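Worksheet: one structure, shown below.
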Amino acid sequence: MDPTLWLGPGMFLGALAFLLLGYPVAFALGGVAVVFALLAIGSGVFDPLFLTALPQRVFGIMNNFTLLAIPAFVFMGSMLERSGIAERLLETMSQLLGRIRGGLALAVVVVGALLAATTGVVAATVVTMGLISLPTMLRHGYDKSLAAGVITASGTLGQIIPPSIVLVVLADQLGISVGDLFIGSVIPGLLMAASFALYVLVVAWLRPKLAPPLPPAPAGQVREAMARRLVLLVLPPLGLILLVLGSIFFGIATPTEAGALGAVGAIVLAAMNGRLSRRTLREVSESTLTTTAMVMFILLGSTAFSLVFRGLEGDRLIAGLLTGLPGGATGFLLLSMTTIFLLGFFIDFFEIAFIVVPLFAPVARDLFGPEALVWYGVIVGANLQSSFLTPPFGFALFYLRGVASAEVATGQIYRGVIPFILLQLTVLALIVIFPQLVTGLPALTR
């Protein structure tokens with residue numbers, strides 16, 4: 001029996017098995033690569049000199065200027081997390097919108113979208129809104145499942161609304177421009193946020209007891225002061241959004257340069273809010289270093305994995321299976337999206353992006369054409385967003401569980417995210433049916 005017939009598939013299944021057992025991603029991928037490389041050399045599948053290409057690939061990663069955007073955006077998000085903007089925005093928007101039915105939940109969606117476009121950090125957004133908004137919503141009679149669902153779902157908007165680390169990684173794996181992927185994801189990201197807001201309003205209208213309004217404001221409350229406070233809180237992050245995304249969209253700066261601008265802007269906002277200190281800089285730098293190192297180690301492990309996998313002709317085997325599917329491009333799209341969605345129940349988006357996406361990318365390029373890879377990348381990004389919500393290992397669920405009080409049961413959190421997962425899948429379907437939602441803005445910038 002030809003060893004390539006079982007070594008390639010066995011390598012892929014072995015990596016998934018180690019990931020499901022909880023081994024660190026980078027070491028699971030690298031370890032499986034080493035073991036199967038030794039098996040392949042012992043079986044005479046390829047010469048040991050084949051592995052000399054690995055150092056060149058590693059140096060190629062180190063020389064990839066685009067990847068510098070990752071620490072820049074992580075630093076920006078971490079600094080803004082400590083600037084106090086999220087807390088003040090939530091408090092102000094809750095007071096402004098709380099008088100209408102579902103107003104508190106609507107405020108969570110609006111702030112979630114704003115934080116997504118500035119920080120893009122799911123953990124920080126979910127934890128912040130869970131600590132501030134969840135007790136307020138429960139105190140005013142909100143349904144526990146609805147409150148938990150809207151907080152976790154709004155917190156994941158940072159994965160599809162740029163700037164997003166997920167989109168940076170996807171652009172690298174698909175071999176496309178980060179700027180094009182950012183521009184292409186703007187309308188789908190806003191559509192996702194709008195669908196969440198519309199759902200909240202419809203639920204509050206049909207079942208008022210699930211999302212009651214706040215009691216009337218005291219007669220002595222000064223609305224002009226509230227409006228002034230809202231402007232002062234909203235304008236700075238909006239200015240940062242325009243600085244970062246506008247510089248990319250109008251071709252003034254590359255995503256890496258825009259990330260550096262965003263990092264500086266985040267420092268300025270933290271200073272304006274009186275939160276900039278030596279301790280803050282140290283904590284933000286440590287957080288940035290930890291996250292960036294994790295991503296880079298995963299990338300190195302996945303590089304070793306993909307090299308050995310290609311040497312075993314596993315990529316050709318999978319490409320042959322995918323291109324031969326019934327339905328052609330439609331069949332491939334259905335299978336790839338279903339695979340990514342199901343894997344999101346069990347493994348993190350980084351693991352999917354570094355293991356599965358490189359297998360799908362060449363087939364997508366052949367079936368859809370290079371010009372459609374931005375569309376395909378946005379579809380994958382929207383699909384990966386749901387991996388934060390799908391039980392049993394949805395990270396957004398764990399983040400909220402960690403800060404929610406004991407009166408909110410885990411089952412209520414799980415039930416609360418189901419409507420929002422369905423909304424995400426609906427938006428995903430719209431992107432597939434109407435590619436112009438993705439390709440429209442990039443076409444205008446050319």
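The values are calculated or read from the model by the stated rules, or taken from the named source; none is laboratory data. The shown structure was predicted, so the numbers you read here are calculated from the model rather than taken from an experiment. All Cβ positions, glycine included, derive from the backbone under ideal geometry; neighbour counts span all protein chains shown. Heavy atoms of the whole protein, side chains included, go into the accessibility calculation; ligands, DNA and RNA do not. Shrake-Rupley method; radii C 1.70, N 1.55, O 1.52, S 1.80 Å.
Is it the case, given these coordinates, that V380 is of a type in the set (A, V, I, L, M, F, W, C) and over 16 Å from V122 (Cα atoms)? The answer is yes for V380.
For segment 416-438, filtered to residues that are touching a helix residue (DSSP H, G or I) at 6+ places or on another chain (Cβ under 6 Å) and not aliphatic (A, V, I, L, M), the residue that is most open to solvent (accessible area, probe 1.4 Å) is P435. Output the residues belonging to segment 29-72 that are in contact (Cβ under 8 Å) with a residue 12 or more places away in the chain and of a type in the set (V, I, T). Hits for segment 29-72 are V32, V34, V35, V45, V58, I61, T66, I70.
For A329, the test of being touching a Leu at 6+ places or on another chain (Cβ under 9 Å) and surrounded by fewer than 17 Cβ atoms within 10 Å (Cβ to Cβ) is passed.
Which residue is most open to solvent (accessible area, probe 1.4 Å), if the candidates are limited to segment 46-72 and must be closer than 30 Å to G259 by Cβ, part of a helix (DSSP H, G or I) and polar (S, T, N, Q)? Per the stated criteria, the residue is Q56. Are any residues in segment 147-167 within 15 Å of the chain's Cα centre (by Cα) and part of a helix (DSSP H, G or I), and if so, which ones? T152, A153, S154, G155, T156, L157, G158, Q159, I165, V166, L167, listed by residue number.
May I ask you to list the residues in segment 284-317 that are more than 30 Å from G44 (Cα to Cα) and exposed (fewer than 15 other Cβ atoms within 10 Å of the Cβ)? Reasoning before the result, please.
Of segment 284-317, the ones more than 30 Å from G44 (Cα to Cα) are 284-296.
Correct list: S285, E286, L289, T290, A293, M294.
Could you count how many residues in segment 381-403 are open to solvent by 20 Å² or more (accessible area, probe 1.4 Å) and of a type in the set (A, V, I, L, M)?
Initial filter on segment 381-403 (open to solvent by 20 Å² or more (accessible area, probe 1.4 Å)): 391-393, 395, 398-399, 401-403.
Still in the running and of a type in the set (A, V, I, L, M): 403.
So the answer is 1.
For segment 17-36, filtering for residues that are closer than 16 Å to T303 by Cα and hydrophobic (A, V, I, L, M, F, W, C) leaves 10.
Residues checked against (1) within 25 Å of F73 (Cα to Cα); (2) touching a strand residue (DSSP E or B) at 6+ places or on another chain (Cβ under 7 Å); (3) at pLDDT below 85; (4) aliphatic (A, V, I, L, M):
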| position | (1), (2), (3), (4) |
| --- | --- |
| A197 | no, no, no, yes |
| R207 | no, no, no, no |
| P213 | no, no, yes, no |
| G220 | no, no, yes, no |
| L245 | yes, no, yes, yes |
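Kindly indicate the residue of segment 168-215 that is of a type in the set (S, T, Y) and in a helix (DSSP H, G or I) and also surrounded by the fewest Cβ atoms within 10 Å (Cβ to Cβ) among those meeting that condition. Filtering first and then ranking leaves S195.
Looking only at segment 350-380, which residues are farther than 24 Å from L321 by Cβ and open to solvent by less than 30 Å² (accessible area, probe 1.4 Å)?
Keep residues of segment 350-380 that are farther than 24 Å from L321 by Cβ, which gives 350, 371, 374, 378.
If the condition is that a residue be farther than 24 Å from L321 by Cβ and open to solvent by less than 30 Å² (accessible area, probe 1.4 Å), then F350, V374, V378 are the ones that fit.
State whether one or more residues within segment 228-239 are touching a helix residue (DSSP H, G or I) at 6+ places or on another chain (Cβ under 6 Å), open to solvent by less than 40 Å² (accessible area, probe 1.4 Å) and more than 19 Å from S83 (Cβ to Cβ). No, the conditions are met nowhere in segment 228-239. Just one residue in the set A117, A123 is surrounded by fewer than 22 Cβ atoms within 10 Å (Cβ to Cβ) and part of a helix (DSSP H, G or I); that residue is A123.
Regarding segment 13-22, can at least one residue be identified that is surrounded by 23 or more Cβ atoms within 10 Å (Cβ to Cβ), at pLDDT 80 or above and either at negative phi or outside any helix (DSSP H, G or I) (or both)? Before you say what the answer is, go through the steps one by one.
Start the filter on segment 13-22 by keeping residues that are surrounded by 23 or more Cβ atoms within 10 Å (Cβ to Cβ), which leaves 15.
Checking the rest, the ones that are also at pLDDT 80 or above come to 15.
Next cut, either at negative phi or outside any helix (DSSP H, G or I) (or both) only: 15.
The answer is yes; a qualifying residue exists.
The residue pairs whose first member lies in segment 413-442 and is assigned to a helix (DSSP H, G or I), whose second member is of a type in the set (D, E, K, R), and whose beta carbons are closer than 8 Å, counting only pairs six or more residues apart or on different chains, are I413/R401; G416/K144; P442/D180. Checked against (1) open to solvent by 10 Å² or more (accessible area, probe 1.4 Å); (2) of a type in the set (S, T, N, Q); (3) in contact with a Lys or Arg (Cβ under 8 Å, 6 or more places away or on another chain), S43 passes all but condition (3).
Cβ-Cβ contacts under 7 Å between residues 6 or more apart (or on different chains), taken from a first residue in segment 270-281 that is under 16 Å from L235 (Cα atoms) to a second residue that is part of a loop (DSSP other than H, G, I, E, B), are listed as A270/R82; A270/S83; A270/L276; N273/S83; N273/G84.
Please state which one of L29, L38 is surrounded by 21 or more Cβ atoms within 10 Å (Cβ to Cβ) and at pLDDT 75 or above. Show your work before the answer.
Values: L38 fails: surrounded by 21 or more Cβ atoms within 10 Å (Cβ to Cβ).
The conditions single out L29.
Listed here are the helices (runs of 4 or more DSSP H) enclosed by segment 253-372 that have at least 2 residues being at pLDDT 85 or above, within 22 Å of L67 (Cα to Cα) and of a type outside the set (K, R): 255-272, 278-311, 357-368.
Taking first residues from segment 135-160 that are open to solvent by 30 Å² or more (accessible area, probe 1.4 Å) and partners that are outside any loop (DSSP other than H, G, I, E, B) and of a type in the set (A, V, I, L, M, F, W, C), the Cβ contacts under 6 Å between residues at least 6 apart in sequence or on separate chains come to D143/L210.
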